[in-house]
1. Suppose the filter is within 19 Å of the chain's Cα centre (by Cα), open to solvent by 100 Å² or more (accessible area, probe 1.4 Å) and at pLDDT below 90; does ASP13 pass it?
2. Identify, from the list MET107, MET113, the residue that is open to solvent by less than 50 Å² (accessible area, probe 1.4 Å), touching a strand residue (DSSP E or B) at 6+ places or on another chain (Cβ under 9 Å) and farther than 14 Å from GLU167 by Cα.
3. Consider the range 26-53. How many of its residues are of a type in the set (Val, Ile, Thr) and within 22 Å of SER64 (Cβ to Cβ)?
4. Go through GLU43, GLU58, GLU76, GLU39 for me and flag whichever is acidic (Asp, Glu) and surrounded by 12 or more Cβ atoms within 10 Å (Cβ to Cβ).
5. Can you pull out the residues in the range 130-178 that are assigned to a loop (DSSP other than H, G, I, E, B), touching an Asp or Glu at 6+ places or on another chain (Cβ under 6 Å) and at pLDDT 85 or above?
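The values are calculated or read from the model by the stated rules, or taken from the named source; none is laboratory data. Please read all numbers here as calculations on a predicted model, not as lab measurements. Quick reminder, even Gly has a Cβ in these numbers, built from the backbone with ideal geometry, and neighbours come from all protein chains shown. Accessible surface areas use protein heavy atoms only, side chains included; no ligands, DNA or RNA. Shrake-Rupley method; radii C 1.70, N 1.55, O 1.52, S 1.80 Å.
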Amino acid sequence: NVELDEAADNDDDSLVRFEFVELVTRLAKRKFVTTKHCETLSEAVLMMHEEVIEPYMEDMQVYSADEFRKTCLYTEEMCLVFDKHKAKLERMFQDHTSAESNGSPVMLLNDLMEMMKDADLVSLEVNNEKLLKPNRVRKIFLTSILIVSNEQTTEKFKQLGFVDFLEALARIAQQQYL
């Protein structure tokens, strides 16, 4: 799809949910309906999911963002750690935010990346196995944001609130130290 609006909500090299669904649907049609492997588009989308998307997700170790929340984040131990360090965490968040939403500070991806660089937790070097790569930090950022109902009516899918920030820190700690 071509975006004619210069101020389009998403940049040209990103997909929002409905664009991703359209992409998968078109690919499924081309791969399975056009080649007569499936008779209907719904069968083709299901086959695309089972034969292409699921194996890729397993190979790339892509899991539900909620799985981490259920098993690691929403625990009494994690709550105690966050409560113990709440003042420091709030200060860290305040010091690394560059935007506001409804009068409250929010952290953008660049803010998180800068914080990670300041803490020497991210590296652009390919052979540095001890530090997180920028793509991993980007994934942590995106999986720490709760899903919004419509990406075209809000900017919240590009921002971490304080609670989202705490989730991102927990994910960073898991990736970096466990």
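1. yes
2. MET113
3. Counting residues in the range 26-53 that are of a type in the set (Val, Ile, Thr) and within 22 Å of SER64 (Cβ to Cβ) gives 3.
4. Answer to the check: GLU43.
5. Residue satisfying the conditions is ILE145 alone.
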